[in-house]
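So the structure is just underneath, and the comments pick up after that.
No value in this document is a laboratory result; all are computed from the given coordinates. What you see is a predicted model; the values in this text were computed from it and never measured. Cβ sites come from the backbone with ideal geometry, for glycine too, and all protein chains shown count toward neighbours.
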Amino acid sequence: MVLFAVFCFVFSITLPFDIRDTEQDQGNIKTIPLVFGTYMSLFLAFVLYVIWALLLNNLGLNLGFNVMIGVISLIVIGQGYRKRAAFYYYVLLDGLPVVYYLLYLGFKHYLK
């Protein structure tokens, strides 16, 4: 179950990168955004993220903590529908796991 949760998380934060690369991929590679479109790809990212959060909750992580990191993630992932600066991809999306860890460290005494 943990492996599937990690898969859902990684897949959900890589879809915005595929959306960014749609112009370069046309004709070469069939990616999810090229096949299903930008909005459907973002919807899939949202669904996978919600599945990840529910699995973490099932594994015992505090629901309030999941909601907090969920809101942050969905805001960041939701910005992927249009072209963004490199900061969005390389700092915000790639930095989400670091944010989760820092939030966990900050709130771990309250999560029990």
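Size descriptors for region 44-93, from the alpha-carbon set: Rg then Dmax equal 12.3, 37 Å. Relative to the longest principal axis of the Cα atoms of the chain, the long axis of helix 63-78 lies at roughly 20 degrees. When Kirkwood radius over Cα pairs in Å is calculated for this entry, the matching label among (1) 15.4; (2) 14.7; (3) 13.8 is (2). When L105, L44, L93 are sorted by how many other C-beta atoms sit within 10 angstrom of their C-beta, beginning with the fewest, the order is L105, L44, L93.
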